[in-house]
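Worksheet: the structure to be examined is printed underneath.
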Amino acid sequence: MRKVVKALYNPFIKFYFYSKLKSFIKTKKSTSYLVLDIDNTIADTWKNIENFKKNRKNFFFNLLPLVGTIQYIKEKYGHLPIIFLSNRNIIDYQVTKDWLQKNGFNTPECLLILTNDPNDKLTYLKYLTNNYAVTYFDDLTYNHENGKELYYHEVISEVKKMKIDYFDYEFILKLNSN
């Protein structure tokens with residue numbers, strides 16, 4: 001039943017965020033954008049995954065930041081408009097915005113886009129890279145909680161075909177290795 005519901009509302013969600021993206025770009029009038037994933041990129045998500053089922057909102061709000069990534073981004077790319085592009089359920093939109101604000105991101109100056117599937121990120125990235133310079137940080141991994149991270153290889157392959165500065169899981173690990 002959940003898959004049917006997702007299949008029905010996903011086109012509306014995509015349309016909504018695609019419209020927000022175009023509006024955001026129009027107001028920023030920038031030639032370059034910083035696109036950031038959240039989970040396991042700027043938030044230390046997988047280590048606390050057991051708390052997700054206990055209280056979803058508290059889980060997301062209390063995630064620890066990946067300080068190395070955040071410091072690097074602010075030092076190198078602090079001048080760029082930020083688009084957060086995260087594979088999270090739409091019901092987590094407000095708590096995600098609250099977490100970003102709590103961790104030093106001025107959310108009124110940023111755009112938050114949530115997707116139901118990592119492949120959906122490609123739609124937004126293709127639009128951006130066809131028109132603007134893009135710097136993109138995303139681990140594009142999953143399954144950490146089971147002891148072995150797996151990669152979204154198809155998405156990574158498509159990202160690498162784009163005209164994009166892509167910073168991957170290995171780079172993110174190095175930034176946070178202290």
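Once both labels are positioned 7 Å from their Cα atoms along Cα-to-Cβ, the gap between Ser19 and Lys53 label points is 3.7 nm.
For the chain, the membrane-span-like helix rule (DSSP H, alpha carbon extent of at least 18 Å along the helix axis, mean Kyte-Doolittle at least -1.0) picks out 2-28; this says nothing about an actual membrane.
The fraction of accessible area contributed by carbon and sulfur in the chain is 53 percent, rounded to a whole number (1.4 Å probe; ligands and nucleic acids excluded).
Beyond 24 Å in Cα-Cα separation lie the following of the pairs Lys22/Lys174; Lys22/Lys97; Lys121/Lys161; Lys53/Lys148; Lys76/Lys102; Lys53/Lys102: Lys22/Lys174.
Note that the range 53-103 shows a convex hull volume over its alpha carbon atoms of 93 Å³ per residue. Extent of the chain along its three principal axes (Cα atoms, max minus min coordinate, largest first): 43, 42, 32 Å. Against the empirical 2.2 N^0.38 Å (N residues), the range 89-159 has a Cα radius of gyration ratio of 1.27. Rolling a 1.4 Å probe over the heavy atoms of the protein chains gives the chain an accessible area of 56 Å² per residue.
The values are calculated or read from the model by the stated rules, or taken from the named source; none is laboratory data. Note that the structure is predicted; figures quoted are calculated from it, not measured. Quick reminder, even Gly has a Cβ in these numbers, built from the backbone with ideal geometry, and neighbours come from all protein chains shown. The protein model used for the area step is the full one, side chains on, heavy atoms only, and it has no ligands, DNA or RNA in it. Shrake-Rupley method; radii C 1.70, N 1.55, O 1.52, S 1.80 Å.
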